[in-house]
1. What distance in nm separates the simple spin-label points at residue 208 and residue 346, each placed 7 Å from Cα in the Cβ direction?
2. For segment 27-95, just the Cα set please: Rg and Dmax, both in angstrom.
3. Compute the semi-axes of the equivalent ellipsoid of segment 30-310, taking the square root of 5 times each eigenvalue of the Cα gyration tensor, and list them largest first in whole Å.
4. For residue 141, what is the net charge nearby, where nearby means another residue's Cβ is under 13 Å from its Cβ and Lys, Arg count +1, Asp, Glu -1?
5. Once fully extended, how much extra length lies between residue 306 and residue 49, figured as 0.36 nm per residue of separation less the alpha-carbon to alpha-carbon distance?
6. Note down the net charge around residue 110, summing +1 for each Lys or Arg and -1 for each Asp or Glu among other residues with Cβ under 11 Å from its Cβ.
7. Between residue 168 and residue 63, what is the label-to-label distance in nm when each label sits 7 Å out along the Cα-to-Cβ direction?
8. For Cα pairs less than 8 Å apart in space and 6+ apart in sequence, what is the mean separation divided by the residue count of segment 30-310, i.e. the relative contact order in percent?
Amino acid sequence: MKSSIKYILFILYSLLILPSLHAQQGLTRKANFPGTLRNSASGFSIDKYGYLIGGRSDSGYKNDFWRYNPDSDQWIQKANFPGAARWGAICVTSGLKAYYGLGFNHPIGSKGDFWQYDAVSDTWQKLQDMPNGGRYWAIAFVIKNKIYVGTGDHGDPFSNDFWEYNIDSNTWLKKRNFPGPGRIQAVAYSQNQKGYVATGQGIGLSKADFWEYHPDSDTWVQLPDIRKNLLYGAFSFVLGSIPHIGLGSYNHLVYFNPADSTWHPLSDFDEINRENAISFCIGNTVYFGTGEDRNYTNYSDFWSYSPRVLGLPQIKQSTLDWKIFPNPSHGKFSIQFDRPRVEEVNTELINQLGQLVYANKASRTTGNIEIDLSTSAILPGIYTIKISGSDYSKMERLVIW
């Protein structure tokens, strides 16, 4: 009798209480992914649709290909990916095309092939293989017409090499190595023409470090570590200019606040213990699901999440066109901006403790603001520079060597 009562209470909790908690977190349960339960698949979005491809299930490796319609909350299966089945692949998008490749297949091993999917014609095209052999659980991000790929596992120890793929010329170019330890299952994203890499799993050690890549100078800058332990197998996304990292070997969600150059905890997905899930963004919502838990059990559940429901700080998007150069610098740099009228411009420099260390106020119109801190008492480090006027306010990270 007691067991029956407990079971009934559990059902009531699942049907009534749990959905309410999810709603408070901004979570909405969606239709389950209808394919085989799996982990380490790849996800991407183009236009108004999301896609899932590949992965690893209890029955083997996958090359099936699915499209998700958020309006109808329905999945449809498309023609299989024409390459070998695999898991732990990379996948990024540029325009109406997706780029998919690498990964692991048994008994072939690590894959180095690279493919383009055209969503308009619904066709696949094989591209130039990645040099230096195959790998899986690598990172990738897109800046302009170039795809940057690195880290991953293609031998012992894990890799930290870094490559640039030119979409226009279908060629690969070796870049400066990622300066952190080699790793797998890291996360990566791009924003404001820079790339970012964080977390992951090294040889016997999980990572919480955070790095910024500058493609113009082919340089890396280490930023403050992520304080919340996300470790490995997480996913990242950018909504409303705010980067997020979620789930992974710990089921946290954190967001990056450019005002203090720090990652902040936003929510814990207590009921969703998940590694190696897929995710993609459509509009102002991120969709995620599948993956495995710490007991290596695969899942097919699927969720949507809107950070705005939780009152995520909104950063006003400025219409001001500006550029800081050089960045990083030794303390002497210029701010180039364009405004249609003469007005008072405020320039502030804030350290990682939130302290104002420099302020300047001047009347400016189109032109440059020249700032020289090379002989000041300001120490090398990572700062937030804020420029504001009568109807705008914009911030950018500044690195002083």
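No lab work stands behind these numbers, since they all come straight from the coordinates. Please read these numbers as outputs of a predicted model, since none were measured by experiment. Neighbour counts are summed over all protein chains in view; Cβ atoms, including those assigned to glycine, are modelled from backbone coordinates with ideal geometry.
1. Placing both labels 7 Å beyond Cα along the Cβ direction yields 3.4 nm.
2. Reported Rg and Dmax, both Å: 12.1, 35.
3. Details: eigenvalues 116, 108, 72 Å².
Three semi-axes, in Å: 24, 23, 19.
4. Details: positive: 144, 146, 175, 194; negative: 164, 212.
Net charge in that neighbourhood comes out at +2.
5. Details: separation 257, 0.36 × 257 = 92.52 nm, distance 1.67 nm.
Between residue 306 and residue 49, full extension yields an extra 90.8 nm.
6. Values: positive: 86, 111, 135; negative: 113, 153.
That sum, taken over residues with Cβ under 11 Å, equals +1.
7. 3.3 nm
8. Details: 786 pairs, mean separation 40.3, N = 281.
Computed over segment 30-310, the figure is 14 percent.
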